[in-house]
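Visitor: For reference, the structure I am asking about is given below.
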Amino acid sequence: QVQLVESGGGLVQAGGSLRLSCAASGRTFSSYAMGWFRQAPGKERDFVAAINWSGGSTYYADSVTGRFTISRDNAKNTVLLQMNSLKPEDTAVYYCAAAPVRDIVRVSNWYRYWGQGTQVTVSS
């Protein structure tokens with residue numbers, strides 16, 4: 001069992017930055033691949049970024065490549081999403097998720113545990 005709690009969301013102007021944090025419970029955190037997803041009002045939940053168990057491999061959606069960076073600290077059971085050059089279209093609820101595999105996972109169905117989400121709003 002893994003419990004995930006996101007934090008760091010908020011309101012920011014276009015071009016600004018935010019850093020989202022996901023704190024995970026449990027002693028087996030390093031056994032899980034981690035990911036970030038987002039859901040805008042009236043839209044489906046979309047993949048944003050993923051990282052493998054060690055942090056040595058990452059993958060990003062085309063829409064955030066070059067602007068967002070995912071990282072993890074297994075000693076602190078934490079996953080971060082650094083978001084730079086934010087755009088109004090990045091506005092969404094952002095979710096942290098854990099998949100019981102070691103390799104990168106881009107499909108939401110593979111993720112077993114989800115956080116409650118944190119709101120990110122980017123004003124123009």
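Visitor: For R112 and S25 in one chain, what is 0.36 nm times their gap in residues minus the Cα-Cα distance, to one decimal in nm? Before the final figure, lay out each step's value.
Guide: Values: separation 87, 0.36 × 87 = 31.32 nm, distance 1.40 nm.
Full extension of this stretch gives 29.9 nm more.
Visitor: Continuing with the same structure: Amide H neighbours of Y113 under 5 Å, at least 5 residues apart or on other chains, H built in the peptide plane: list them.
Guide: Here the answer is A98, since their amide H atoms fall under 5 Å of that of Y113.
Visitor: With a cut-off of 8 Å between alpha carbons and a minimum separation of six or more residues, what is the relative contact order of the stretch 39-124 in percent? Provide the component values of the computation, followed by the final result.
Guide: Working: 134 pairs, mean separation 25.3, N = 86.
That works out to 29 percent.
Visitor: If you roll a 1.4 Å probe over the chain with all protein chains in place, what percent of the accessible area is carbon or sulfur? Display every interim value, and only then the final one.
Guide: Values: 2900 of 6440 Å².
Taking all protein chains in place, the chain shows 45 percent carbon and sulfur surface.
Visitor: To the nearest 0.05, what FRET efficiency results for S57 and A14 with a Förster distance of 35 Å applied to their C-beta separation?
Guide: About 0.70, to the nearest 0.05.
Visitor: Would you grab the residues whose amide H sits under 5 Å from the one on T91? Only those 5+ places off in sequence or on another chain, please, with H modelled 1.01 Å from N.
Guide: Here V122 satisfy the definition.
Visitor: Another question, if that's okay. Could you sort K87, K43 by their accessible area in this structure, using a 1.4 Å probe and putting the largest first? The partial results should precede the final answer.
Guide: Working: K87 80, K43 135 Å².
Order by accessible area, largest first: K43, K87.
Visitor: Could you work out the local net charge near P88, counting Lys and Arg as +1, Asp and Glu as -1, over the other residues with Cβ closer than 15 Å to its Cβ? Write out the running numbers ahead of the final one.
Guide: Values: positive: R38, K43, R67, K87; negative: E89, D90.
Around P88, the surrounding residues sum to +2.
Visitor: Using a 1.4 angstrom probe on the protein heavy atoms only, could you order T91, T65 from most to least accessible area?
Guide: Details: T91 35, T65 80 Å².
Most to least solvent-accessible, the answer reads T65, T91.
Visitor: Moving on to the next point. With springs only between Cα atoms under 10 Å, which of L11, L81, L20 fluctuates most in a Gaussian network model of the chain?
Guide: The residue with the greatest mean-square fluctuation here is L11.
The values are calculated or read from the model by the stated rules, or taken from the named source; none is laboratory data. For clarity, every value in this text was computed on a predicted model and none was experimentally measured. Neighbour counts are summed over all protein chains in view; Cβ atoms, including those assigned to glycine, are modelled from backbone coordinates with ideal geometry. To get the accessible areas, we keep the full protein, side chains included, count just its heavy atoms, and leave off ligands, DNA and RNA. Shrake-Rupley method; radii C 1.70, N 1.55, O 1.52, S 1.80 Å.
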